Structures are given as C-alpha cells and as structure tokens.
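The values are calculated or read from the model by the stated rules, or taken from the named source; none is laboratory data. As the structure is a computational prediction, the values presented were derived from the model and not from experiment. A quick note on method: Cβ atoms are made from the backbone with ideal geometry, for glycine too, and the neighbour counts reach across all protein chains shown. Heads up: the accessible areas ignore ligands, DNA and RNA and are worked out on the full protein's heavy atoms, side chains in. Shrake-Rupley method; radii C 1.70, N 1.55, O 1.52, S 1.80 Å.
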Amino acid sequence: MPTPGKSNALIWINFQDKNLILDCGEGASLKLLQHNMDDDYLDAVIITHNHADHLSGLIMVIQMLHIQKRKKQLLVFLPEGEIFFLEMLSFFYLFPAKLSYPLIIRNICDIKNYYPEISLLENNHLAGYCDLIREAATGNKMKAYSILLNVQGVSALYSSDLNELISLEPYLDDLDLLILDGLHPSAAEIISLPQRTRAAIILNHGLSTELKKRLMEREDHPFILADETQEIEL
Ligand SMILES: [Zn+2]
Ligand SMILES: [Zn+2]
C-alpha cells in the first residue's frame, strides 16, 4: 500500500566497487536522484519477485538513465518474464536498441555467472496465486527469492517478501545482517528469530498489525526498525 513519506522496496548494496539495487519499487528513480547517484554508478538491478511494489519503479529508472545519456551497460535480473518485459519496454516507447546504454535483461538464475557473491533462496511468496494462474492460463511462474550476499566473510540476507521463514533457516547460523520482511511472516515466527541467529535484524516492508502490537509490548526488543535512507556498513 502506498504510504506518504515511505518508499516502496529498494535496497542499495555496495561491495568491492560493485553497486547493485535489490528491488525497484515505485519512486526508485527519485530515490536515486535524491542520493546524487551518478548515472554510471549503478551496475545491476535485481528484482526478487514481480509484485508492483518491487518492480514498478524500473521503467522510470531505465528511462531516466537514457535521458541522462548513460553509456555503461545496465544488467537487470528478473525472476521470470524476461521476454515479456522486453516487449513491454517498447510499449513504453523505450526501444532497447535505441537506449543510450546497453540494457541486458537476464533471468535471476544467471546471477552467479555475474556476481558469484550472491545466492538465491527461493520461497513460496507467490504460491497463493496458483489457482488464478491456472484458470486464466497466464503462464506466471510464481518465482520469488530472498537474496544472500557473502563478501569476505561477511554474510547479509535480504529476505524480500516471504510468507514464512523456513527458507531462511539453513543460513541463520552464519548471518551478520538480516533485512527481514516485517509484514508477511507471522509475528510469532519473527519474535522468536533473535534466539536463533546472532545477525542484526532490520524489519522492513512495514510491520503486520500483530507484530506492531507485540513489539510495543516490550520496548527493549532486539529488532532495528527500517528507516528511509538508512545506511549500514558491515
Ligand atoms: Zn512487497
Ligand atoms: Zn510481494
């Protein structure tokens, strides 16, 4: 749900001179401008799943970089529908061959070939659409991922949206930072998490009503609540 003063999903990650954004929700282009990002600064965009709050800013980012006369190639990793997305760009009069920069669209499963530091953790966030997709025969693949980054012994995980935490379980032991969806998983699952990991846990993407209530009951809770433009160094 759009909320005044709060942006949709976008996590900027910088490691070893690489600059990537994880998800690209509405307002992404404005956010990049607000941070004075140079037009060549961004290397790649990774979309975790095709919900609009994670993807809808990408068209304007592609257009903005063209108007800024970017020259460096931009990699975009999509969880599904790469060909459909390319066709949609022409619908917006953003013809890939005419952009000022090479736009490379890849399936997210190719990520290791470009960024070996990144691993994908698939989850069932979109599985609830199964019947609708079957009835309408739309061909959606319901692909949704969390993103794990391992760089020089530091391990950070962006859960993106997920219905339950089970897909994260095998990675909790070695984690330094977890940027966790505070909206979809059950409050009970989230509240018990700090006992199972030493990672700093940032709750983002809003909080469920139940989680908000549980956190207000104890002011000394161990979670960090995500803030707009928050920066974390590891
Ligand atoms: Zn979302
Ligand atoms: Zn979602």
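I'd like to check something: does the stretch 22-36 contain any residue that is part of a strand (DSSP E or B) and away from ligand 1 (no atom under 16 Å from the Cβ)?
No; the residues of the stretch 22-36 include none that is part of a strand (DSSP E or B) and away from ligand 1 (no atom under 16 Å from the Cβ).
Within the stretch 219-234, not a single residue is of a type in the set (A, V, I, L, M, F, W, C) and farther than 24 Å from Asn8 by Cα. Filtering the stretch 173-204 to residues that are under 16 Å from Tyr145 (Cα atoms) and away from ligand 2 (no atom under 16 Å from the Cβ) leaves only Leu178.
Of all residues in the stretch 183-205, count the ones that are within 16 Å of ligand 1 (Cβ to nearest atom) and either open to solvent by 40 Å² or more (accessible area, probe 1.4 Å) or out of contact with any helix residue (DSSP H, G or I) (no Cβ under 9 Å at 6 or more places or on another chain) (or both).
So the answer is 5.
Could you tell me whether Ala44 is more than 21 Å from Gly206 (Cα to Cα) and out of contact with any Pro (no Cβ under 6 Å at 6 or more places or on another chain)? In short, yes. Taking the residues in the stretch 1-19 that are open to solvent by 90 Å² or more (accessible area, probe 1.4 Å) and part of a strand (DSSP E or B) as candidates, determine which candidate is farthest from Gly206 (Cα to Cα). The residue in question is Asn14.
Just one of the listed residues (Tyr93, Tyr114, Tyr101) is touching a helix residue (DSSP H, G or I) at 6+ places or on another chain (Cβ under 7 Å), farther than 19 Å from Leu162 by Cα and modelled with pLDDT of 95 or more, and it is Tyr101. Considering only residues in the stretch 170-180 that are assigned to a helix (DSSP H, G or I) and either within 19 Å of the chain's Cα centre (by Cα) or among the aliphatic types (A, V, I, L, M) (or both), the one that is nearest to Asp227 (Cα to Cα) turns out to be Leu172.
Is at least one residue of the stretch 46-58 away from ligand 2 (no atom under 16 Å from the Cβ) and not basic (Lys, Arg)? No: the stretch 46-58 contains no residue that is away from ligand 2 (no atom under 16 Å from the Cβ) and not basic (Lys, Arg).
Does at least one position in the stretch 131-153 carry a residue that is surrounded by 14 or more Cβ atoms within 10 Å (Cβ to Cβ), within 16 Å of ligand 2 (Cβ to nearest atom), within 30 Å of Pro185 (Cβ to Cβ) and assigned by TED's automatic domain parsing to the domain that holds Leu30? Within the stretch 131-153, none of the residues are surrounded by 14 or more Cβ atoms within 10 Å (Cβ to Cβ), within 16 Å of ligand 2 (Cβ to nearest atom), within 30 Å of Pro185 (Cβ to Cβ) and assigned by TED's automatic domain parsing to the domain that holds Leu30. Residues in the stretch 181-234 that are in a strand (DSSP E or B) and among the acidic types (Asp, Glu): 1 in all.
Taking the stretch 20-36 as the range and being crowded, with 17+ Cβ neighbours inside 10 Å and more than 12 Å from ligand 2 (Cβ to nearest atom) as the test, the residues that pass are Leu20, Ile21, Leu22, Cys24, Glu26, Gly27, Ala28, Ser29, Lys31, Leu32. Does Glu233 satisfy being more than 19 Å from Leu121 (Cα to Cα), without any contact (Cβ under 8 Å) to a residue 40 or more places away in the chain and not assigned by TED's automatic domain parsing to the domain that holds Asp161? Yes, satisfied.
The strands (runs of 3 or more DSSP E) found wholly in the stretch 42-112 and carrying at least 3 residues that are open to solvent by 10 Å² or more (accessible area, probe 1.4 Å) occupy 103-107.
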